[in-house]
1. Label 7 Å along Cα→Cβ of GLU60; region 88-132 residues with amide nitrogen under 16 Å?
2. Given R₀ = 25 Å, FRET efficiency for SER38-ASP174 by Cβ-Cβ distance, to 0.05?
3. Considering only DSSP beta bridges whose two residues both sit in region 2-234, what percent are antiparallel, to the nearest 5?
4. Once you charge only the Cβ atoms, +1 for Lys and Arg and -1 for Asp and Glu, what is the size of the charge dipole of region 2-234 about its Cα centre, to the nearest 20 debye?
5. Which percent of the accessible heavy-atom area of the chain goes to carbon and sulfur, probe 1.4 angstrom?
6. How would you classify region 76-118 from its alpha-carbon gyration tensor, with a ≥ b ≥ c the square roots of the eigenvalues: rounded for a/c under 1.5, else prolate if a/b is greater than b/c, otherwise oblate?
7. Where does the chain land at 222 nm, in deg cm²/dmol rounded to the nearest 500, when only DSSP H runs of n ≥ 4 count, each adding -39500 (n - 2.57), divided by all residues?
8. Could you size up the charge dipole of region 1-62 around its Cα centre, putting +1 on the beta carbon of Lys and Arg and -1 on that of Asp and Glu, and report it in debye to the nearest 20?
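The values are calculated or read from the model by the stated rules, or taken from the named source; none is laboratory data. On a predicted model such as this, the values are computed, not experimentally measured, just so you know. As a convention, Cβ positions derive from the backbone with ideal geometry for all residues, glycine included, and neighbour counts pool all protein chains shown. Note: areas computed on protein heavy atoms with side chains; ligands, DNA, RNA excluded. Shrake-Rupley method; radii C 1.70, N 1.55, O 1.52, S 1.80 Å.
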Amino acid sequence: MRIYETANYEEMSRKAANILSAQVISKPDSVLGLATGSTPIGMYDQLVEWYNKGDVDFSEVKTVNLDEYKGLARDNDQSYYYFMHKHLFDRVNINPDNTNVPDGTQMDSEKECARYEKLIESMGGVDIQLLGIGRNGHIGFNEPDNCFAKTTHCVDLTESTIEANKRFFASADDVPRQAYTMGIGTIMKAKKILLIVNGEDKADALAKAVYGPVTPEVPASILQFHNDVVIVADQAALSKMPK
């Protein structure tokens, strides 16, 4: 596990974009595992800037996203399908047919999760998986639990996650209560993992994930067992790390 400390969000975003673009340059047909939320927006903006300069080419890239709210249509501006097209896919030369997000409109959870897991396997697995971390240590929508979920599954979102996400909706009542997410086992199969973290509000979760016991009560702690994890975090996010 390697940790890169950056001064601020902008520097974190640039460093993360550098790592992701290096993957694409070295392997043009890479399978990228992508994430949503406020943390990676700066990184996506940087990748778009470099694409516009001709520094990175997405024409052969394939993508799979970590998760999607269950029950949201793709044209809903809070769906992760919408997010990815707004912040990356519609701004670079990636083939839309090569981009994949769980289908939130599929109400048969077992069917959709099995389809998505099989899809990832058919692509030969993920070359680099981008992750953020929640304040309760979740990765994807894998919430604190009494066991690690192995494969793509449907989860009931915790109140803390609903609370954290309500700022994107008209009210907390509008936040979906369920989501489809890659399982911990699915995430851990990625050849490389890139975890990006910013802000003091994530400092406790990051310290527990890196230095605490490996427990499903802190889902991100499982990353201690992966053989190729890079963490890019700003000073605030690293402020609770043991000295």
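1. 93-95, 98, 124, 127-128
2. Approximately 0.90, to the nearest 0.05.
3. Antiparallel: roughly 30 percent of the beta bridges in region 2-234.
4. Here the size comes out at about 480 debye.
5. 47
6. oblate
7. Only helices count here, giving -9000 deg cm²/dmol.
8. 180
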